[in-house]
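The values are calculated or read from the model by the stated rules, or taken from the named source; none is laboratory data. Quick caveat: nothing in here was measured; it's all calculated off a predicted structure. Please note: Cβ atoms are built from the backbone with ideal geometry, for glycine as well, and neighbour counts cover all protein chains shown. Please note that ligands, DNA and RNA were not included when accessible areas were found on the heavy atoms of the full protein model with its side chains. Shrake-Rupley method; radii C 1.70, N 1.55, O 1.52, S 1.80 Å.
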Amino acid sequence: MTELTKNAECILRILESADSLTTSEILERARLPEYADICQDCAGGDAFVVAANQLVEAGLIKKKFGKGGYRWSLLRE
């Protein structure tokens, strides 16, 4: 597996605290002070999409389209 970007690590950390979140919920949480040490710029949409797709391709998270857009969740073993 390739090394994860800081933004991908940020998304993983945010998703650890919830069953699933929408894109906008993740972006909102990424702006919180508790993620300031790891989230570089995923508070913007383009960087988020790149990082989230990296995680999907790595088999670490899944996305499902529904009401309100995509919902993201960790793939738990």
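Here is how the numbers come out for the structure above:
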item: Boolean, Asp41 is open to solvent by 30 Å² or more (accessible area, probe 1.4 Å), under 17 Å from Gln54 (Cβ atoms) and either modelled with pLDDT under 90 or part of a loop (DSSP other than H, G, I, E, B) (or both); result: yes
item: First in the range 45-65 and under 15 Å from Thr22 (Cα atoms), second anywhere and of a type in the set (Gly, Ala, Ser) and surrounded by fewer than 18 Cβ atoms within 10 Å (Cβ to Cβ), Cβ under 7 Å, 6 or more apart; result: Ile61/Ser73; Lys62/Ser73
item: Search result, residues across the range 4-38 that are surrounded by fewer than 16 Cβ atoms within 10 Å (Cβ to Cβ), in a loop (DSSP other than H, G, I, E, B) and at pLDDT 85 or above; result: Glu16, Ser17, Ala18, Asp19, Arg31, Leu32
